[in-house]
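Engineer: Below: one structure in structure tokens.
FYI, it's all coordinate maths here, none of it is from the lab. From a predicted model like this one, the values you see are computed outputs, not experimental measurements. Backbone-built Cβ (ideal geometry, glycine too); neighbour counts: all protein chains shown.
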Amino acid sequence: MRKTVLLTMMVGLVGSAAWAQNEGKVEVSATAGWTFSDGVSGGTVTVAGDDFSRIDPKDSFSWNLRLGYMITHNAEVGFLYGQQASTLQISGPSRTADLGDETLHNYHGYFAYNFGESEKVQPYVLLGLGATQFGSVNASFGGNARSIGGNTKFSSTWAVGVKVFPSKNVGIRLEGRWTPTYIKTDAAGWWCDPYWGCYTLGNAQYANQFELGGGLAFRF
């Protein structure tokens, strides 16, 4: 019995020491904001008598959850999940039309660098790599209904922001973030060189999300 009590106390002390050693290194954040979105252009398609050449997610509300670990006082690694509840639109020279509701999901592992030595105010920059998932759309247009399947594409995410901790464990995060997602490459012409020969040039197109947001940060 005594050995069991001593073993329990030792485990508790070791756990407490480990927690104390890592205290303040884990951060959990929940933020929300507004995302300005754009999509890509393509060939002209005629639907219900109108010409359309672009497809874009509509600007809308978005939210994010983030888990970070402070490797040092300034260097942070973590994972960021974001969601934007949007509407898929098509547009042309004369009109813009809604096709249906679409949800965008962002999944990024990230590295952030926090500037300065202060524990209370920390400006930072962030770079993340991962994927953006474009959800399926139940589209309805011109009296016709159809389902448009979703797709997942490689994306990066870039941010600048500031964390303000008025107390030791609870703070505020304000951030501006850009998430470009590669969609396709259109042929843009030919380039000929006397040594290398001729080859096609491409024009890469990206769907972009520009988010302005803020929320709470919890430090453990």
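Engineer: What lysines sit close enough to K168 to cross-link, taking a C-alpha to C-alpha distance under 23 Å and skipping anything fewer than 8 places away on the same chain?
Structural biologist: K25, K120
Engineer: Next question, about the same structure. Can you compute 3J(HN,Hα) from phi for each residue in segment 86-92, using the Karplus curve 6.51 cos²θ - 1.76 cosθ + 1.60 with θ = phi - 60°, rounded to whole Hz and x for Gly and Pro?
Structural biologist: Using θ = phi - 60°, the values come out as 10, 10, 7, 10, 10, 9, x Hz.
Engineer: Another one. Rounded to whole Å and ordered largest first, report the semi-axes of the equivalent ellipsoid of segment 26-219 derived from its Cα gyration tensor (root of 5λ).
Structural biologist: After scaling each eigenvalue by five and taking roots: 37, 24, 12 Å.
Engineer: Right, next: Using the number of other C-beta atoms within 10 angstrom as an exposure proxy, rank T46, T31 with the fewest first.
Structural biologist: T46, T31
Engineer: Show me, bin by bin at 10 Å from 0, the whole-percent P(r) of segment 89-160 based on Cα pairs.
Structural biologist: In order of increasing distance, the bins hold 17, 28, 24, 18, 10, 3, 0 percent.
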